[in-house]
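Asks: Starting off with a structure, shown below.
The values are calculated or read from the model by the stated rules, or taken from the named source; none is laboratory data. Computed from a predicted structure; not experimentally measured. When we count neighbours, we look across all protein chains shown, and the Cβ atoms used for this are built from the backbone with ideal geometry, even at glycine.
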Amino acid sequence: MMDVLYLDNHLLLVNKPPGMLVQEDKTGDLDLLSIGKAYLKEVYGKPGDVYLGLVHRLDRPASGVMVFARTSKAAARLSEQFRLRTVEKYYMAIVEGCLEGAGIALDRLVSKGGFTRVAGDEATAGRAAELQWHAISFEDEATLIDVRLKTGRKHQIRVQLSEMGHPILGDFRYGATRPLDGKNLALHCYRLGFHHPTTKERLVFKVAPPWRERFEREIREMIARDS
């Protein structure tokens, strides 16, 4: 059940499938962190507990590249890169309606009770959220967009795109009227770039979304791009 993209003594990178929890919750459903630990125990034949550090998250109905830390030192150094916003986080999404051009979304977000909203006129409320977006292609009343996430707030991309009037396909929590597959979102982290926590080498990992039969040519071109 693990789609492993990279593995060494410090890192484990995987392609998270849509619909899977990142970390165990009260549902008791399978989660990626537990599966990752079981995978490492099997690969390395470890009899005891396995350390695997969670340094970032993806929403359950989203998919894409995730990095886990295999040591506490790697976890601390990766977390620092996320805090300093030096990690490249690129997403692709299919949103409702026709979105054209490119832009930057700047908002302040407030989270409560599992939902996130834009703070509106409450200038000092919430936490600053920033993303860059670029419309790629439009067909069947939906637009494929490229998103570079600058900050990492809960449900950030989903809320900010909905606030723009273009909710993500399948995101009924934030205003969507059209499904993707009945339970997941057309939101995928296709590119993650960071410095290796020990060698300092710049690493970039890319993976195509599970719904790539839509906008197939455009998605191939996005994945193949160097920057």
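Asks: In the set A135, A208, which member is closer than 11 Å to A93 by Cα and among the small types (G, A, S)?
Replies: On the way: A208 fails: closer than 11 Å to A93 by Cα.
Going through A135, A208 in turn, the sole match is A135.
Asks: Given region 95-156, what strands (runs of 3 or more DSSP E) lie entirely inside it while holding 2 or more residues that are aromatic (F, W, Y) and modelled with pLDDT under 95?
Replies: Numbers: elements: 102-112, 115-118, 127-139, 142-149.
Output list is empty.
Asks: OK, next. With N9, N15 as the choices, which residue is within 22 Å of I223 (Cα to Cα) and modelled with pLDDT of 95 or more? Walk me through it before giving the result.
Replies: On the way: N9 fails: within 22 Å of I223 (Cα to Cα).
N15 is the lone residue from the list that is within 22 Å of I223 (Cα to Cα) and modelled with pLDDT of 95 or more.
Asks: Does R178 qualify as being assigned to a loop (DSSP other than H, G, I, E, B) and either without any contact (Cβ under 8 Å) to a residue 40 or more places away in the chain or within 30 Å of V118 (Cα to Cα) (or both)? Reasoning before the result, please.
Replies: Working: assigned to a loop (DSSP other than H, G, I, E, B): yes; either without any contact (Cβ under 8 Å) to a residue 40 or more places away in the chain or within 30 Å of V118 (Cα to Cα) (or both): yes.
Answer is yes for this residue.
Asks: Can you give me the number of residues within region 193-210 that are in contact with a His (Cβ under 8 Å, 6 or more places away or on another chain), part of a loop (DSSP other than H, G, I, E, B) and either modelled with pLDDT under 95 or more than 22 Å from S63 (Cα to Cα) (or both)?
Replies: Of the residues in that region, 4 qualify.
Asks: In this structure, is R85 in contact (Cβ under 8 Å) with a residue 60 or more places away in the chain, charged (D, E, K, R) and either in contact with a Leu (Cβ under 8 Å, 6 or more places away or on another chain) or surrounded by 13 or more Cβ atoms within 10 Å (Cβ to Cβ) (or both)?
Replies: Numbers: in contact (Cβ under 8 Å) with a residue 60 or more places away in the chain: yes; charged (D, E, K, R): yes; either in contact with a Leu (Cβ under 8 Å, 6 or more places away or on another chain) or surrounded by 13 or more Cβ atoms within 10 Å (Cβ to Cβ) (or both): yes.
In short, yes.
Asks: Separate question: If you take the residues in region 88-123 that are of a type outside the set (D, E) and free of Cβ contacts under 8 Å to residues at least 12 places away in the same chain, which one is surrounded by the most Cβ atoms within 10 Å (Cβ to Cβ)? Please lay out each step first, then the result.
Replies: Taking region 88-123 as the starting set, the residues that turn out to be of a type outside the set (D, E) are 89-95, 97-99, 101-106, 108-120, 123.
Of the ones still in play, those that are also free of Cβ contacts under 8 Å to residues at least 12 places away in the same chain are 112-114, 120.
On the way: K112: 7, G113: 5, G114: 8, G120: 12.
For region 88-123, the residue satisfying everything is G120.
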